[in-house]
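One structure coming up, written as structure tokens, with questions to follow.
The values are calculated or read from the model by the stated rules, or taken from the named source; none is laboratory data. Bear in mind that the values here come from a model prediction, so they are computed numbers and not experimental data. No Cβ is skipped: glycine too gets one built from the backbone with ideal geometry, and neighbour counts run over all protein chains shown. Only protein heavy atoms, including side chains, enter the accessible area calculation; ligands, DNA and RNA are left aside. Shrake-Rupley method; radii C 1.70, N 1.55, O 1.52, S 1.80 Å.
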Amino acid sequence: MCVATGIEIISRPSQLKDIKGRKIGILCHHASVDSRLNHTKDILYGLLKKDIKCLFSPQHGLYAEKQDNMIPSNDCIDKDTGLLVFSLYGDNLCPDDHALSMIDTIIIDLQDVGTRVYTYIWTMFLAMKEAEKKGIEIIVLDRPNPVGGEKVEGHIILRDYFSFVGMAPIPMRHGLTIGELALYFKGAFFPSLSLKVIKMEGWKRWMYFDDTNLPWVMPSPNMPTLDAAIVYSGQVMLEGANISEGRGTTRPFEIFGAPYLNALDEIAAQMKKDGALSGVRLRKLQFEPVFNKWAGITCRGFQAHILNRQNFCPYFFTLSFIASVMRVEGENFSFIPPPYEYVYDKLPFDV
């Protein structure tokens, strides 16, 4: 093993002794696994038993069974442990008083993908906010940023556009691990919060996920591969337009297009002129999404094949693609209206 994540570290006897006897809730999802694919909830429940009082689940549910955006999860019972699972995506986006009354510590183990609009970091943000109010300690088990920690891209979200896909002024591709984000959130927003980050061993900023020797588990249903994560910090913007971002296909975010895209060569030529095709090759294709935008309708578009990760700039790539579509197919292109991730008064593209 090249990299040891936070769950590997906290499971050691020297670390475990510091949390024994506490009343613990665990915020996790189905990608919260160790290097042998053992789940964090099962590891910690096996080691601490009665100290684990409940679980919390983010978007898509504890088992990633909810496919799309704005599909809420309900509270449930985890059949493996018998623990109550409080959903933090639906009626509640943050832990309520009842859940917090059961615990004095929240252990957070979530696999992020390095993009500002990926909601798991904001579920952590809201848990930190409520924990500070109640005097509850947060322990974050750090995990790799799958797309590395050296490159940063995108605009800083403006305060007037803060939402559940951006509650702090960070860029689209933020270049931080979830533990580093927690430290930033504490310093900038929650100075009185008791926070501990269990750091990784062996992780270097230059590493992409496949450099870590850790197993890839889909962090969400439409994040099947590392390549999807690499393009995501740009391609996620297509969620705000009448262009399929590939949801409903087997390669979401890598595959994209729309029925009205006829001048694909011209679009690609415009992107090349912009300088947006560095490190990536576009392959023309047709596809039919089985759900989401343009479901059951043949779309014409591209698959993005990443040739050089260091040269590829996903945010610029997608902005250039959208601009090129507007130049070439402007009469057919449109931004989609709200709602989007519980925002009802602003365009999804703007947030």
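Among the numbered criteria (1) open to solvent by less than 20 Å² (accessible area, probe 1.4 Å); (2) under 30 Å from residue 209 (Cβ atoms), which single criterion is violated by residue 94?
Of everything listed in (1) open to solvent by less than 20 Å² (accessible area, probe 1.4 Å); (2) under 30 Å from residue 209 (Cβ atoms), residue 94 misses just condition (1).
Residue 292 fails exactly one of the following numbered conditions: (1) surrounded by fewer than 18 Cβ atoms within 10 Å (Cβ to Cβ); (2) on the phi > 0 side of the Ramachandran plot. What is the number of that condition?
For residue 292, the failing item is (1).
Pairs only if they're at least six apart or on different chains, beta carbon under 9 angstrom, first in region 34-56 and in contact (Cβ under 8 Å) with a residue 40 or more places away in the chain, second part of a helix (DSSP H, G or I) and open to solvent by 20 Å² or more (accessible area, probe 1.4 Å); list them, first residue then second.
Close Cβ pairs satisfying both conditions: 35/8.
A further question on this structure: May I ask you to list the residues in region 112-131 that are under 15 Å from residue 146 (Cα atoms), of a type in the set (D, E, K, R) and either without any contact (Cβ under 8 Å) to a residue 40 or more places away in the chain or in contact with a Phe, Trp or Tyr (Cβ under 8 Å, 6 or more places away or on another chain) (or both)?
Within region 112-131, 112 is the sole residue that qualifies.
Right, next: Of all residues in region 227-275 being of a type in the set (Ser, Thr, Tyr) and outside any helix (DSSP H, G or I), which is surrounded by the most Cβ atoms within 10 Å (Cβ to Cβ)? It would help to see each step written out before you state the result.
From region 227-275, those of a type in the set (Ser, Thr, Tyr) are 232-233, 244, 249-250, 260; that's our starting set.
Filter again for outside any helix (DSSP H, G or I), leaving 244, 249-250, 260.
Values: 244: 27, 249: 23, 250: 11, 260: 16.
Among those residues, the one meeting the criterion is 244.
Report yes if some residue within region 187-197 is modelled with pLDDT of 95 or more, on the phi > 0 side of the Ramachandran plot and of a type outside the set (Val, Ile, Thr); otherwise report no. Break it down stepwise before answering.
Of the residues in region 187-197, the ones modelled with pLDDT of 95 or more are 187-197.
With the extra rule that they be on the phi > 0 side of the Ramachandran plot, the set shrinks to none.
Within region 187-197, not a single residue is modelled with pLDDT of 95 or more, on the phi > 0 side of the Ramachandran plot and of a type outside the set (Val, Ile, Thr).
Only one of these is of a type outside the set (Asp, Glu), under 18 Å from residue 141 (Cβ atoms) and either buried (at least 21 other Cβ atoms within 10 Å of the Cβ) or more than 19 Å from the chain's Cα centre (by Cα) (or both): 59, 111. Name it.
Working: 59 fails: under 18 Å from residue 141 (Cβ atoms).
Being of a type outside the set (Asp, Glu), under 18 Å from residue 141 (Cβ atoms) and either buried (at least 21 other Cβ atoms within 10 Å of the Cβ) or more than 19 Å from the chain's Cα centre (by Cα) (or both) holds for just one of 59, 111, which is 111.
Please pick out the residue among 10, 43 that is surrounded by 17 or more Cβ atoms within 10 Å (Cβ to Cβ) and touching a Leu at 6+ places or on another chain (Cβ under 7 Å). Before the answer, list the steps.
Numbers: 43 fails: touching a Leu at 6+ places or on another chain (Cβ under 7 Å).
Step by step, each of 10, 43 is checked, and only 10 is surrounded by 17 or more Cβ atoms within 10 Å (Cβ to Cβ) and touching a Leu at 6+ places or on another chain (Cβ under 7 Å).
Moving on to the next point. For region 276-285: of the residues being open to solvent by 40 Å² or more (accessible area, probe 1.4 Å) and touching a residue at least 24 places away in the same chain (Cβ under 8 Å), which is nearest to residue 259 (Cα to Cα)?
Here is the first cut: in region 276-285, the ones open to solvent by 40 Å² or more (accessible area, probe 1.4 Å) are 277-278, 281, 283-284.
Imposing the further condition that a residue be touching a residue at least 24 places away in the same chain (Cβ under 8 Å) reduces the set to 277-278, 281.
Numbers: 277: 23, 278: 26, 281: 21 Å.
Among residues in region 276-285 that are open to solvent by 40 Å² or more (accessible area, probe 1.4 Å) and touching a residue at least 24 places away in the same chain (Cβ under 8 Å), the one nearest to residue 259 (Cα to Cα) is 281.
Please work out which residue is nearest to residue 231 (Cα to Cα), limiting yourself to region 298-351 and to residues that are part of a loop (DSSP other than H, G, I, E, B) and of a type in the set (D, E, K, R).
Going through region 298-351, the residues part of a loop (DSSP other than H, G, I, E, B) turn out to be 298, 307-313, 330-334, 336-339, 341-342, 344-351.
Applying the additional criterion that residues be of a type in the set (D, E, K, R) yields 309, 331, 341, 345-346, 350.
On the way: 309: 10, 331: 27, 341: 20, 345: 28, 346: 25, 350: 19 Å.
Result: 309.
Another question about this same structure. Do we have any residue at all in region 156-169 that's in contact with a Pro (Cβ under 9 Å, 6 or more places away or on another chain), of a type outside the set (A, V, I, L, M) and part of a helix (DSSP H, G or I)?
Yes: region 156-169 contains one or more residues that are in contact with a Pro (Cβ under 9 Å, 6 or more places away or on another chain), of a type outside the set (A, V, I, L, M) and part of a helix (DSSP H, G or I).
Of everything in region 185-211, what is in a loop (DSSP other than H, G, I, E, B) and either touching a Phe, Trp or Tyr at 6+ places or on another chain (Cβ under 6 Å) or closer than 27 Å to residue 19 by Cβ (or both)? Give them in sequence order. It would help to see each step written out before you state the result.
Residues of region 185-211 that are in a loop (DSSP other than H, G, I, E, B), as a first pass: 190-194, 199-200, 202-208.
Selection gives 190, 191, 192, 193, 194, 199, 200, 202, 203.
Separate question: Which residues, taken from region 171-220, are among the small types (Gly, Ala, Ser), crowded, with 21+ Cβ neighbours inside 10 Å and closer than 21 Å to residue 134 by Cβ?
Within region 171-220, 182 is the sole residue that qualifies.
On to the next question. Just one of 183, 195, 214, 176 is under 15 Å from residue 150 (Cβ atoms) and of a type outside the set (Gly, Ala, Ser); which is it?
Numbers: 183 fails: under 15 Å from residue 150 (Cβ atoms); 195 fails: under 15 Å from residue 150 (Cβ atoms); 214 fails: under 15 Å from residue 150 (Cβ atoms).
The conditions single out 176.
Where residues in region 320-350 are out of contact with any strand residue (DSSP E or B) (no Cβ under 9 Å at 6 or more places or on another chain) and open to solvent by less than 60 Å² (accessible area, probe 1.4 Å), which of them is modelled with the lowest pLDDT?
330
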